[in-house]
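The values are calculated or read from the model by the stated rules, or taken from the named source; none is laboratory data. Because the structure is a prediction, the values reported are computed rather than measured. Cβ: placed from backbone, ideal geometry, glycine included. Neighbour counts: every protein chain shown.
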Amino acid sequence: MTTEEMKVSAARIGVLIGKSGSTKREIEEKTGIALRIDSEEGTVTMEGEDPVAVMTAKNVVQAINRGFSPERAFRLLDDEDMTLDIIDLSDLSGTTRQLERLRGRIIGKAGTSRSQIEDMTGTEISVQGKTVAIIGLPDQVETTRKAVEMLIQGVPHEHVYAFLDRKKKEAKQAMLEYYS
């Protein structure tokens with residue numbers, strides 16, 4: 001029996017449980033593990049026979065805790081190659097104002113920057129609190145992480161988009177060569 005426990009913020013417990021327990025139930029059904037949620041303490045315990053299923057469930061719970069909707073977090077269940085990467089911004093920003101500025105650069109006006117990066121990489125991005133979470137295939141996540149790091153370092157958005165465009169073309173070229 002494998003058991004994992006983690007803290008979930010009070011604001012995300014309801015999302016994790018879902019309407020009438022639907023999200024919790026779906027995670028349990030898709031992974032075959034038991035989920036115990038202590039709303040008072042904010043702890044979630046995942047228990048199951050299969051250690052891989054327990055880790056997968058943990059990633060889904062972590063994704064929901066980091067601000068993803070359950071539907072977006074479930075991408076981690078749909079494909080075993082999907083990964084979750086979390087960038088911690090707290091080390092990079094000394095003040096709340098700096099943190100807000102970094103988050104603003106990543107999200108962009110009305111979410112345009114985040115959407116653009118998601119579209120160009122095929123990933124899902126959630127900016128919440130002091131973290132940026134990314135869901136995608138390993139190479140997509142790596143490219144997205146690099147783009148986010150570039151924005152954090154102050155690289156102009158158009159240069160970041162040019163980098164992503166180049167990466168997208170390289171990936172397309174690699175696919176063409178692979179299948180020819």
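Figures for the structure shown
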| read-out | value |
| --- | --- |
| Selected residue (criterion: surrounded by the most Cβ atoms within 10 Å (Cβ to Cβ)) from residues of segment 1-30 that are under 17 Å from LEU76 (Cβ atoms) and in contact with a Gly (Cβ under 7 Å, 6 or more places away or on another chain) | VAL8 |
| Given (1) in a helix (DSSP H, G or I); (2) over 14 Å from ARG12 (Cα atoms); (3) out of contact with any strand residue (DSSP E or B) (no Cβ under 6 Å at 6 or more places or on another chain), index of the condition VAL60 fails | (2) |
| Residue, farthest from ILE135 (Cα to Cα), within segment 44-80, restricted to residues that are in contact with a Leu (Cβ under 9 Å, 6 or more places away or on another chain) and charged (D, E, K, R) | GLU47 |
| Qualifying residue in segment 28-43 (condition: outside any loop (DSSP other than H, G, I, E, B), under 18 Å from the mean Cα position of the chain (by Cα) and within 21 Å of ILE135 (Cβ to Cβ)) | no |
| Residue match in segment 150-165 (condition: without any contact (Cβ under 8 Å) to a residue 40 or more places away in the chain, surrounded by fewer than 16 Cβ atoms within 10 Å (Cβ to Cβ) and among the aromatic types (Phe, Trp, Tyr)) | no |
| Of residues in segment 83-129 being buried (at least 17 other Cβ atoms within 10 Å of the Cβ) and among the basic types (Lys, Arg), the one nearest to ALA53 (Cα to Cα) | ARG114 |
| Segment 38-52 residues that are polar (S, T, N, Q), paired with ones that are surrounded by 15 or more Cβ atoms within 10 Å (Cβ to Cβ) (beta carbon under 6 Å, 6 or more apart) | SER39/ILE13 |
| Strands (runs of 3 or more DSSP E) enclosed by segment 83-180 - at least 1 residues per element that are touching a Leu at 6+ places or on another chain (Cβ under 7 Å) and either assigned by TED's automatic domain parsing to the domain that holds PRO70 or under 19 Å from ARG66 (Cβ atoms) (or both) | 83-88, 131-136 |
